[in-house]
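Enquirer: Sharing a structure with you now.
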Amino acid sequence: MADSTVVTETKKRSAFLVFVTRLVKENPLGLIGGIITVALLFVAIFADWLAPYGMNESNMDQLLQPPSATYPFGTDNLGRDLLTRVIYGARISVIVGLAASSIATVLSLFIGMLSGYVGGRFDMIVQRVVDSVMCVPQLILMMVLITILGAGMVQIIVALGLMWGIVGSRILRSAVISIKENIYVEAARTQGGSVSRVILRHLLPNILAPTIILFSTRVPNVILTEASLSFLGFGIPPPTASWGSMLSGDGRRYMLQAPWMAIWPGLALSVVVFGVNMFGDAVRDLLDPRLRGGAGRFGIKIDEARLAKLEVRAQKKLAK
């Protein structure tokens, strides 16, 4: 038992090292995105220790101060440190982005796999509902949902998760339809495999790539949507520090007098969206089953090494 545990841990570590090695060698842009994503998570988790001041701590003697040694990002119209608020805004963005994207991905998986696998009239009804949701402009639909649910972080997460989950199910449905016609799926059905077993054992592992890219694209989209809603007054209410709320209201009002109030949260949004998108694309490329074991550049290198070893062994045997 102890030996099997050690072997399992070694395999997990080696798989992680292989992933990191491929990320560094094959996708340097994805590596940059990964560094940005890890930095975002680090700042969000340790915001209480990294922030030099309290989130809403104000100094009325330092209103609209430009960036300086004391306030590296300057201060806002209430004398609050902008660096501190950007750091705490990262925590809000991470919570909303990850929570809403997780809800959306699970909902998309459930709707997409069930609709694509069952097919027939059930699929037609579900897709007409999805079409009706996609016909409404997403921002308007979000404003209506938040008006019904009320303002707050939980309401924002639920509304974003529901909307993106329904819209994203179309992508996973298409992947399921293309996979369920394969021979191994038909063989599983013929052998009496239940619907749940076929979905979990044969369909789900083969749609991980579109699921990963769907999740990775949802995170920056959710963050941008939350920022847009906060800019319009439908997002997380003040005084909570959110990048979207920092861009709206006072940030927009004092944009000419104190441009740093809008520059820093806007720059943070841009960097995060770029980083998460690049990292998500890299993870998709490296974990796609169709690119492993000989299809991608990494697999070709392994095959070439094996062929070289076989040729050396053959030459030794002929020499003997």
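Enquirer: Can you give the Kirkwood hydrodynamic radius of segment 2-287 from its Cα pairs, in Å with one decimal?
Expert: Kirkwood hydrodynamic radius for segment 2-287: 21.2 Å.
Enquirer: Another question, then. If each of residue 177 and residue 25 carries a label point 7 Å out from its Cα toward its Cβ, how far apart are those two points in nm?
Expert: The modelled label-to-label distance comes out at 3.9 nm.
Enquirer: Can you work out the Karplus-derived ³J(HN,Hα) for every residue in segment 132-139? Use 6.51 cos²θ - 1.76 cosθ + 1.60 with θ = phi - 60°, whole Hz, and x for glycine or proline.
Expert: The phi angles translate into 5, 6, 6, 6, 7, x, 4, 5 Hz.
We did not get these values from a lab; they are worked out from the coordinates using the rules stated. Since this is a predicted model, take the numbers as computed values, not measurements. Using ideal geometry, Cβ is built from the backbone for each residue, glycine included, and neighbour counts are taken over all protein chains shown.
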